[in-house]
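S.K.: I'd like to ask some things about the structure below.
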Amino acid sequence: MSSYRRLGRVIPAGAVAAVLVLSGCSQGSSDDSAGSDSDGFYSVDDCTDPAAATAEITGDIKVGYSLPLSGPVAGPAAISTAGYDARIKAYNDAGGLDGQKIEVVYKDDAFAPDKAKSNAVDLIQNDEVDVVTTFGGGQVAAMADEQNAACVPMLYPSASNPLTYNIDDYPWTVQFLPESSREADFVLQAIQKKMGDEDYTLGLAVNQTASGEINAESFNEVAEEAGVEIAAEVPATDPTAAATQLKEAGVDVVYHVGLTGTCAPLNGAMARLGYEPKYVILPANCANKAEWSAVGEAGAGAVVPLFLKNANDPGAADDEGLQEYAEQTKDVASSTDAVTAAGWAMADMLIATIEQAAESEDGLTRASLIEAARNLDYTSPMFLEGISWVSTPDKLTGLSGFETGVWSVEAGAFVPEGGVIQVD
């Protein structure tokens, strides 16, 4: 039997994203019936209601989504859900799963983990959802015990909390974004590749939320293992103060451990101070087009990890995946924003999982959904070439790699550069 680690406190969150028509979907390796525990990563006997976990889902497929409809990141969350809704609407309009539609039940948590926890209880017990998801690693941590005990799959939340990547403790939780240490590994590789043999001083500006803190912690661990010294770590709450401290510390490579919606202002502050680091890199969740457009030339050259195609790519007419995305998001004002594309990708991952689960011997159940999510090898129409999503019962790799994306003022987008770096 699996045991669930109880969370005595709110664990710092994983990154919010910078956060996928079924063509390209490769079926998972397991042909065993869902609920049989054949892969050993869960047992329905552990569920509070084992019968509910293995009961066939015959009506609409209900997804409970706790997210910040209000609060500090409500804007980016709305941009993300615009893409999520567009993908699900296209699937439902095409008939869904042989007539079964996906219904999303949204509940506001204002980006507060305790509210997300109460939302999870409400969604599972009262709304009787088949799947839950959320926006933010603190929210994942707050919801994970409840949804694992109830054996309601949490599928592809916009988060990367390392705690719930432990499959033994959290078998029913599968996050969308890569575990934060993998992104940290990519960031360090990107810095080392850029700087080569040149001496440099490395500094961190850290968003003072759970998301920023956990990403900073992961980067510190990766840097320490690599023998890389971090000369300064400053809070990013006040961009001008952060820029001043980094400049005074002589930092020439900045990793801004930011949070979507608050990433670009540090670049603006550095420009106002005449501070020009040699390299500025941020997490994948910082790919929000609107905020980079707002800081103008100050954002030029900023780097983020990319895993999605550029929805504003001038070569989109030759890319079937981009054409599919464009058609489904044609009524979405933010369709060319990477955050909207990430929301679309999360919904596409969910659809791929539903389709795969429905083909199992037991049909579509909560158990077959988690079996499918843990046995998935999928290349989304919106993934950059060379990147796929990989999950097995023993290991959640998730996104297999990243490519550096450099903000181009002229293109109004992060432009891929340098090829994919694998982080598995």
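S.K.: Can you bin every Cα-Cα distance in region 84-133 into 10 Å intervals starting at zero and give me the percent of pairs per bin, rounded to whole numbers?
M.R.: 23, 42, 28, 7
S.K.: Right, next: Want the number for Q323 to E248: 0.36 nm per residue separation, take away the alpha-carbon distance, what's left? List each step's numbers first, then the result.
M.R.: On the way: separation 75, 0.36 × 75 = 27.00 nm, distance 4.75 nm.
Length gained, Q323 through E248: 22.2 nm.
S.K.: Hey, rough spin-label estimate for D331 and D60, points 7 angstrom out along Cα→Cβ, what's it come to in nanometres?
M.R.: It is 1.7 nm.
S.K.: Let me ask something else. Relative contact order of region 106-245, please, whole-number percent, based on alpha carbon pairs below 8 angstrom and at least 6 residues apart.
M.R.: So the answer I get is 17 percent.
S.K.: Below 12 angstrom from the Cβ of V409, what's the summed charge of the other residues (Lys, Arg +1; Asp, Glu -1)?
M.R.: -1
S.K.: What value, in deg cm²/dmol to 500, does the helix sum -39500 (n - 2.57) over DSSP H runs of n ≥ 4 give at 222 nm once divided by the residues of the chain?
M.R.: -11000 deg cm²/dmol
S.K.: Related question: For region 321-424, calculate the relative contact order in percent as a whole number, restricting contacts to Cα pairs under 8 Å that are 6 or more residues apart.
M.R.: Relative contact order for region 321-424 comes out at 16 percent.
S.K.: What's the magnitude of the charge dipole for region 173-258 around its Cα centre, counting Lys and Arg as +1 and Asp and Glu as -1 at the beta-carbon? Answer in Debye, nearest 20.
M.R.: 320
S.K.: Next question. For region 213-346, what's the radius of gyration and Dmax over Cα atoms, in angstrom?
M.R.: Rg, Dmax (Cα atoms, Å): 16.9, 49.
S.K.: May I pose another question? Using square roots of five times the C-alpha gyration tensor eigenvalues, list the equivalent-ellipsoid semi-axes of region 169-258 in whole Å, biggest first.
M.R.: 24, 18, 9
S.K.: Antiparallel as a % of all DSSP beta bridges within the chain, to the nearest 5?
M.R.: 45
S.K.: Let me ask you something else. Go through region 258-273 residue by residue and turn each phi into a ³J(HN,Hα) via Karplus (6.51, -1.76, 1.60, θ = phi - 60°); whole Hz please, and just put x for glycine and proline.
M.R.: x, 10, 3, x, 10, 8, 5, x, 5, 4, x, 5, 4, 5, 5, 7
S.K.: Mind checking the dipole of the chain: about its Cα centre, +1 per Lys or Arg Cβ, -1 per Asp or Glu Cβ, Debye to the nearest 20?
M.R.: The calculated dipole for the chain is roughly 1180 debye.
S.K.: Could you sort the peptides 226-235, 96-105, 135-144, 364-373 by per-residue average Cβ neighbour count (10 Å cutoff), highest mean leading? Before the final figure, lay out each step's value.
M.R.: On the way: 226-235: 14.0, 96-105: 15.6, 135-144: 30.6, 364-373: 26.9.
Result, highest mean Cβ count within 10 Å first: 135-144, 364-373, 96-105, 226-235.
S.K.: Kirkwood hydrodynamic radius (Cα pairs, Å) of region 100-250?
M.R.: For region 100-250, inverting the mean 1/r across all distinct Cα pairs yields 17.4 Å.
S.K.: Please report, to two decimal places, log10 I(q)/I(0) for region 296-414 at q = 0.11, 0.13, 0.21, 0.22 Å⁻¹ as given by the Debye formula with identical point scatterers on the Cα atoms and no solvent.
M.R.: -0.44, -0.60, -1.18, -1.24
S.K.: Next up: At what distance in nm do the modelled label points of E385 and A78 sit from each other, each positioned 7 Å from its Cα along Cα→Cβ?
M.R.: Distance between the two pseudo-spin positions: 3.8 nm.
S.K.: At a threshold of 8 angstrom on Cα-Cα distance, excluding pairs fewer than six apart, so keeping six or more, what relative contact order does region 262-306 reach in percent?
M.R.: Computed value for region 262-306: 52 percent relative contact order.
S.K.: Using only the Cα atoms of the chain, each taken as one equal point scatterer with no solvent, compute I(q) by the Debye sum, divide by I(0), and report log10 of the ratio at q = 0.06, 0.07 Å⁻¹.
M.R.: Log-scaled intensity ratios, in q order: -0.22, -0.31.
Readers should treat all values here as calculations from the given coordinates under stated rules, not as data from a laboratory. Fair warning: this is a prediction, and the values are worked out from it, not measured in the lab. Quick reminder, even Gly has a Cβ in these numbers, built from the backbone with ideal geometry, and neighbours come from all protein chains shown.
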